[in-house]
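First up is the structure itself, then whatever we jot down about it.
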Ligand SMILES: Cc1cc2nc3c(=O)[nH]c(=O)nc-3n(C[C@H](O)[C@H](O)[C@H](O)COP(=O)(O)OP(=O)(O)OC[C@H]3O[C@@H](n4cnc5c(N)ncnc54)[C@H](O)[C@@H]3O)c2cc1C
Ligand SMILES: Cc1cc2nc3c(=O)[nH]c(=O)nc-3n(C[C@H](O)[C@H](O)[C@H](O)COP(=O)(O)OP(=O)(O)OC[C@H]3O[C@@H](n4cnc5c(N)ncnc54)[C@H](O)[C@@H]3O)c2cc1C
């Protein structure tokens, strides 16, 4: 288990007074302090970790957020920003002496401009909510994490979330124009704007993926894009992971960047097939889902090219969807992968390392060996185009030994990712989960440098102080 | 001419910076040394150049990744990529003609200025393609951020912070970039529109089409203006989309189709702002606004200053050439502020650059954070003093 910093006793002792002060700053229904009602905020998508906060506030405006932050800053009270709480790395995990600042009531869409291709939304608008608001004009917001129904844009910004289509459209960072931010000292500032490449330091870029440590995002200006004429998927199944990896290389080497290029290994194919009955080939060692976009004729031409390339790698099967329905069927298993694994195992840890794509066969072989050694099953889904690997480690949370083994196994996989030239996290963030592994990827002075930047924004280390960096005295 | 320090490798950069720290002596940071005219004049007696750090260190075409030492000339990188049919997608401008500079840009300079060309509107800026950096900070430590994989959210993203920081936060020694397949074919629709406002609307219509436009630029013409929309992909796709787009835009003005070399030459010129290069005594600004605000900016500036303009990024980037005077600069600052946009004084004689803010001022709370971030990376103020803003 990963340790949380000790609570400040004086803050705990002042709880009644602090709640009263928050009630004076916000409407009564925006301050939650009863144990039962705080329960939903004690954990996030990393459910193995739980911690009740001091109190929860649910502001409705940027000014309210700023008022709370100014009060907390003046009184040395820690704060934990929270969106939908879907973080898989414990990013939204509270502290006993911290006020959780939930953004979910800030869910208004403030502006949509199709001519300038942008939308201004509050931080609590869901990812899918943006697309829903613009799709009647054929537009969409590109980054599409699997959690898009629930997760909020403020959370996406702070995790720099990706999705299945980011090979072509990029991750959150590549689709933002501006932010409204409450600084850790309670000032309201705007960075970027409704235009590209604001001159000066790239605060927008630095804040994206900063995991709620540098400020509280209250408004986001995103780029919206016109969707393609259509999209279609194909499925290619191979006899070995090396062979599937070589096929991926050949597709990209030919100059084609599909919108999505997803890889599943044998255990994952089996789990998904049992769940979704998508018609996945059960005799395959590896399977690719490849999606292309354009008019029907363009899709045909691209899929023909890809089919031709895959045919060179002795495939077990190649199935090209002939309709939107068939595409959906191909995607159904992949989109339900987490749920499918959830059916065969009471609990699982979803890992999130990235590797150079050429290392995939070696890494999968090593993960297989570790799986045997730990006696825990693992299924692998992989964003094959960009090297982001999601091993799902199955364990039983009722058995502390099983959980401990799963965590150790996961850490070993992430070390391997770094060893082969990759990184600890491709899209889920460091949070608390990978915090203590940071020294695997970074030298001490490199972490000190990053901490110094956190200190520049948050001199008192009040905002999410227990995330991302191994616990030491603030610099 | 200041003293030039030209280390041959990263260790040499570390050593030079440690020496500068020990003597508390600021350094000007340069790639190819020919572009000291950038932003505000730097006040430093000695210059550190990265020209000795040259060469591609990693290139994996099927993994879409390339690493190079900071002093590698851009043409060397472009040639290596071309051999595998790939490109630096944001197509950074070649500013040699604009600045009358003999040497090509270095990749470190391109990253440090985050300078992107026409394709920026669809594929993102240089910073969006920056996967990893190695840099030496202001106490002489070699620091890495990012890496060599396409997706990475491990820790704070110092890549984006260093990109566009004009050498004021650290000296880049090596950069890793995402590269992409170059399109097999390109074509351009040139639309004769009645004026700038109608032209920006035509560009917006093109960018709001499902045809994947990868360039959207505009220039005033003898009568009215010309709007250009570029398509790039496999030849069959380009032909199909050009036909559809042409039909969709027909009502907006006469449409001409430019193909192959003709289309490519046009975009090279637009990328390098070649049409503005002619009068060397003029100042040049880049103004970034939301596209619908561009016609107002052009009306306010081009007409008042008698300046010449070129619009890129669907109208979102206004290149302006006009008199190199403080009054003209104030007009630019006001126009950018009125449209809630951003500006850069891109080319001007040194006295003007030293006298005015060359970038937008930041609100006090952000400026205070900025000063602390600068101190976190360069506590002794060694790097490029005065480059981005006048010393406080
Ligand atoms: C089933 C499932 C599938 C998922 N699939 C993907 C996927 O495909 N791709 C992907 O990238 N991620 C995925 N995730 C992870 C998660 O959904 C993302 O990290 C998401 O961006 C979190 O958003 P949230 O609103 O839930 O934020 P939270 O979990 O509430 O918070 C995330 C982090 O951001 C901070 N934060 C939140 N809001 C703000 C704010 N307004 N200002 C400052 N800090 C803030 C929090 O302190 C925390 O550190 C998945 C999660 C689940 C449960
Ligand atoms: C706002 C702006 C103004 C410009 N003005 C001019 C101009 O007046 N004249 C001109 O010729 N070109 C100018 N350019 C173009 C630009 O300098 C070049 O196109 C190219 O980006 C830099 O080429 P270089 O490698 O020679 O870098 P240099 O011109 O030597 O350096 C460009 C900037 O990047 C920094 N830099 C360079 N290498 C590194 C490194 N390794 N690590 C950290 N920082 C580094 C420098 O300190 C400098 O601030 C301008 C660009 C911008 C964005």
Check the stretch B:77-84 and report whether any residue there is out of contact with any strand residue (DSSP E or B) (no Cβ under 6 Å at 6 or more places or on another chain), farther than 25 Å from residue B:352 by Cα and assigned to a loop (DSSP other than H, G, I, E, B). yes
In this structure, is residue B:152 over 30 Å from residue A:249 (Cβ atoms) and at the interface with another protein chain (Cβ under 10 Å from one of its Cβ atoms)? no
State the number of residues belonging to the stretch B:93-103 that are modelled with pLDDT of 90 or more and more than 7 Å from ligand 2 (Cβ to nearest atom). 1
Matching residues in the stretch A:110-133 - criterion: being over 19 Å from residue A:171 (Cβ atoms), away from every other protein chain (no Cβ under 11 Å) and crowded, with 23+ Cβ neighbours inside 10 Å: A:122, A:124
Among B:309, B:358, B:373, B:297, which is within 22 Å of residue A:196 (Cα to Cα) and either more than 14 Å from every other protein chain (Cβ to nearest Cβ) or surrounded by fewer than 23 Cβ atoms within 10 Å (Cβ to Cβ) (or both)? B:309
Limited to the stretch A:347-367, what total is found for residues that are touching a strand residue (DSSP E or B) at 6+ places or on another chain (Cβ under 8 Å), farther than 23 Å from residue A:251 by Cα and more than 14 Å from every other protein chain (Cβ to nearest Cβ)? 5
Out of the residues in the stretch A:149-177 meeting the condition of being part of a loop (DSSP other than H, G, I, E, B) and within 8 Å of ligand 1 (Cβ to nearest atom), tell me which one is surrounded by the fewest Cβ atoms within 10 Å (Cβ to Cβ). A:150
Select from the stretch B:206-225 the residues that are assigned to a loop (DSSP other than H, G, I, E, B) and farther than 18 Å from residue A:169 by Cβ and write down the one among them that is nearest to the other protein chains (Cβ to nearest Cβ). B:224
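Per-residue answers, yes or no, for (1) more than 30 Å from residue A:359 (Cα to Cα); (2) within 16 Å of ligand 2 (Cβ to nearest atom):
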site	(1), (2)
B:153	no, no
B:163	no, yes
B:180	no, no
B:196	yes, no
B:202	yes, no
B:219	yes, no
B:231	yes, no
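Residue by residue, here is whether (1) under 15 Å from the mean Cα position of the chain (by Cα); (2) within 8 Å of chain A (Cβ to nearest Cβ) holds:
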{"position": "B:116", "(1), (2)": "yes, yes"}
{"position": "B:124", "(1), (2)": "yes, yes"}
{"position": "B:143", "(1), (2)": "no, yes"}
{"position": "B:160", "(1), (2)": "yes, yes"}
{"position": "B:167", "(1), (2)": "yes, no"}
Test: residue in the stretch A:61-73 that is away from ligand 2 (no atom under 16 Å from the Cβ), under 20 Å from the mean Cα position of the chain (by Cα) and within 29 Å of residue A:472 (Cα to Cα): no
Among the residues of the stretch B:172-187, is there at least one that is touching a residue at least 60 places away in the same chain (Cβ under 8 Å) and over 25 Å from the mean Cα position of the chain (by Cα)? no
For residue A:106, indicate whether it is part of a loop (DSSP other than H, G, I, E, B), touching a helix residue (DSSP H, G or I) at 6+ places or on another chain (Cβ under 9 Å) and either within 14 Å of another protein chain (Cβ to nearest Cβ) or within 9 Å of ligand 1 (Cβ to nearest atom) (or both). yes
Might you let me know whether the stretch B:31-38 holds any residue that is outside any loop (DSSP other than H, G, I, E, B) and within 22 Å of residue B:161 (Cβ to Cβ)? no
Scan the stretch A:172-191 and tell me whether some residue there is within 14 Å of another protein chain (Cβ to nearest Cβ), on the phi < 0 side of the Ramachandran plot and modelled with pLDDT under 95. no
Given (1) touching a helix residue (DSSP H, G or I) at 6+ places or on another chain (Cβ under 7 Å); (2) within 14 Å of another protein chain (Cβ to nearest Cβ), number of the condition residue B:346 does not satisfy: (1)
So residue A:166 passes all but one of these: (1) more than 8 Å from chain B (Cβ to nearest Cβ); (2) at pLDDT below 95. Which condition number does it fail? (1)
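Per-residue answers, yes or no, for (1) modelled with pLDDT of 95 or more; (2) farther than 30 Å from residue B:224 by Cβ:
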site: B:282; (1), (2): no, no
site: B:304; (1), (2): no, no
site: B:351; (1), (2): no, yes
site: B:359; (1), (2): yes, yes
How many of the residues making up the stretch A:437-468 are more than 8 Å from chain B (Cβ to nearest Cβ) and under 19 Å from the mean Cα position of the chain (by Cα)? 4
Just wondering, is there one or more residues in the stretch B:264-287 that are within 14 Å of another protein chain (Cβ to nearest Cβ) and outside any strand (DSSP E or B)? no
Which members of the stretch A:198-248 meet the condition of being assigned to a loop (DSSP other than H, G, I, E, B) and closer than 18 Å to residue A:160 by Cα? A:202, A:208, A:209, A:210, A:211, A:212, A:213, A:214, A:215, A:224
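The values are calculated or read from the model by the stated rules, or taken from the named source; none is laboratory data. None of the values given here were measured: they were computed from a predicted structure. For neighbour counting, all protein chains shown are included, and Cβ atoms are generated from backbone atoms with ideal geometry for every residue, glycine included.
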